Structures are given as C-alpha cells and as structure tokens.
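In what follows, a single structure is set out as structure tokens and then discussed.
Bear in mind these aren't lab numbers, they're just calculated from the coordinates by the rules spelled out. Computed from a predicted structure; not experimentally measured. Don't worry about glycine lacking a Cβ; one is built from the backbone with ideal geometry, like all the others, and counts go over all protein chains shown.
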Amino acid sequence: MRQISIHRVNAKVRGIPRRLRALEKWAEDFEQTVPIYEHQKYWNYKIPVLDRLVNQPTTNFEIQSKALSCLIIAAAHLAKSPLKEKLPYYKVAVLLVLPDMFSSEVTVFFDKNYYDKFYYTDNLLSDNQKPSSQFEIDIPSEFSEVGTIVKWKDEDDNGQTITFSEERWTIGQQP
C-alpha cells in the first residue's frame, strides 16, 4: 500500500524485510494480471510502498536496488500479457524517478504517440548512469533504458527561488 509520511519524514523505517517481501509479492502477482483496457492511453501502477522506504534520506542502495528489481519484474510479466495480441499497440515500461523513487511506476501504454512522450530523445544521460548499471541489476533483453534530467523552479515560503532536478528514466520496450 502506498503511504506518504507527512509527520515523520526522517523517522527510521521499521519492518524493512516485511515491506520488501510485500513488494516482491506485488511484482510476482503481475504474472496473473491482465491490464484493463478501457480505450485509455495508458494503464499504470505506482510503486506500493511507504515513501520513506525508497526516498532519501531514509533509504539505501540495497533497498532501492530491490525496489527497482521488483518494478522490472512486474513490467516483464506485463510485457508477456495475452492482451498484447489483441490490441493495436501495447508496450510496457518502468517510469523511474531518481533519487526519490516514490514517484516511480509500471505503465502499460496503449497509444504510441503517448508513449513517445516518455521515451526521451533529448539531453540523454550517459550509459554509465543507467539504472541497471547504478543498481547492478539485469533488465530483460527486449527492454532499453533512456533517461534525462528534468529541472524546475519553485518558490519557498520566503519567496526565494529554489531549483529542483531529478532523473527520469524509461526502462521498457522500444516504441
């Protein structure tokens, strides 16, 4: 279950092994899942965890690596769905956000033009920055990794401008 820590943003995460087992079960359950197609452009599942489990400063390399592995397992299962034979377009990808993974999801795209918006071609990050390299995990051979840095500005309570940035990766089937 997705949970946001509003009052305890830096508190130690309890029950990490239990939470990771639940995430593994979630990923494996996609082997039996057939996405619901209701003439939408996509179907998605956000990573079902407590935000502190996968976000800085309360996470670590091993936890994030396991979380990414589970997202990829779920995507790989969905890529084999029998629904892909019945639709004109069916592609699966993990939309990964770093360094804070809580915004990450597994998405099934039913519209090529919509998927193309997530399959970055500009300002690409280098191969040594790819999540599979960073987190030392394997991805299915039919998946590829493309990523870019997204920056935006916002103001704090005092009117000071703050610049934020994050890496956004698409790990999935080529459009």
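Annotations for the structure displayed:
- Residue that is surrounded by the fewest Cβ atoms within 10 Å (Cβ to Cβ) [pool: residues in region 125-147 that are touching a strand residue (DSSP E or B) at 6+ places or on another chain (Cβ under 6 Å) and part of a strand (DSSP E or B)]: Val146
- The residues of region 30-58 that are without any contact (Cβ under 8 Å) to a residue 12 or more places away in the chain and among the charged types (D, E, K, R) amount to a single one, Glu38.
- Single match in Phe102, Phe30 (criterion: in contact with a His (Cβ under 7 Å, 6 or more places away or on another chain), buried (at least 19 other Cβ atoms within 10 Å of the Cβ) and outside any loop (DSSP other than H, G, I, E, B)): Phe30
- Scanning region 79-98 turns up no residue that is part of a helix (DSSP H, G or I), farther than 17 Å from Glu28 by Cβ, under 16 Å from the mean Cα position of the chain (by Cα) and of a type outside the set (A, V, I, L, M, F, W, C).
- Of the candidates Pro82, Pro140, the single residue that is farther than 25 Å from Leu50 by Cα and in contact (Cβ under 8 Å) with a residue 60 or more places away in the chain is Pro140.
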